[in-house]
1. Taking R0 as 35 Å, what's the FRET efficiency between R131 and A187 from their Cβ-Cβ distance, rounded to 0.05?
2. Can you give the FRET efficiency for A65 and N108, using 1/(1 + (r/R0)^6), R0 = 41 Å, r = Cβ-Cβ distance, to the nearest 0.05?
3. On full extension of the chain, what length is gained from Q51 through R196, given 0.36 nm per residue of separation minus the C-alpha to C-alpha distance?
Amino acid sequence: MPPPATPGRDLPAVGRAGRLGGVRPAAALAALALAALAVLGVAAPASAHDQLLSTSPENGSHVDALPAEVTLTFNDLVTDAGGDANQVHVLDSSCTRLDTGAAKVVDNTITQQVHGQATGPITVLWRAVSRDGHPVSGEFSFTVGDGQAAASPSCAAGDAAPAADAEQGASPLPWVIAGIVLVVVIAGIAHLLITRSRRSADQ
Ligand SMILES: [Cu+2]
């Protein structure tokens with residue numbers, strides 16, 4: 001928001017056009033449009049969390065043997081917050097953990113070492129810290145060997161922490177409040193401008 005220093009500059013043009021009465025609705029409309037833009041702009045960061053772009057193995061794919069590692073690629077940098085902030089749990093069909101060691105973050109990827117010779121449906125539960133420091137989470141699955149398509153994982157919540165305590169749906173409330181505050185501020189500024197323009201028109 002630029003400071004309300006320019007109203008005086010806009011006024012003469014309107015005055016010259018002889019439609020000074022039109023200032024009010026026009027300004028009000030502009031303020032409304034600004035407010036709407038502000039709300040949209042404020043709401044945007046809430047959905048700007050890292051998104052999973054691709055995985056290796058691919059979600060829903062079949063592979064001949066259990067890979068030595070699983071890789072997740074995101075659309076933005078993953079925050080390497082240390083500890084187990086970023087987690088990848090790799091689970092076989094009986095919900096046994098196949099992942100070994102900590103998830104390794106490099107730029108926008110997370111790599112998780114996997115051990116064993118498991119076959120059948122493999123479920124990967126993950127949690128990643130977005131660039132902005134907020135966690136996102138999800139899961140994907142693939143099948144090792146000739147089994148049918150990976151069954152819907154039944155070992156989701158209980159066995160792995162990632163899905164449970166991650167920010168599945170961030171509360172939009174702070175953004176809504178910020179948006180409302182912004183609208184009020186903009187409306188106030190618009191009111192000020194309109195009042196001033198009317199006053200200078202009266203002179
Ligand atoms: Cu966030």
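1. Working: r = 33 Å, r/R0 = 0.94.
Once the sixth-power term is evaluated, E becomes 0.60.
2. It comes out at approximately 0.95.
3. Details: separation 145, 0.36 × 145 = 52.20 nm, distance 4.71 nm.
That pair, Q51 and R196, stretches by 47.5 nm at full extension.
The numbers here are math on the coordinates, done by the rules we state, and not lab data. None of these values were measured; they are calculated from a predicted model. In this analysis, Cβ positions are derived from the backbone assuming ideal geometry, glycine residues included, and neighbour counts consider all displayed protein chains.
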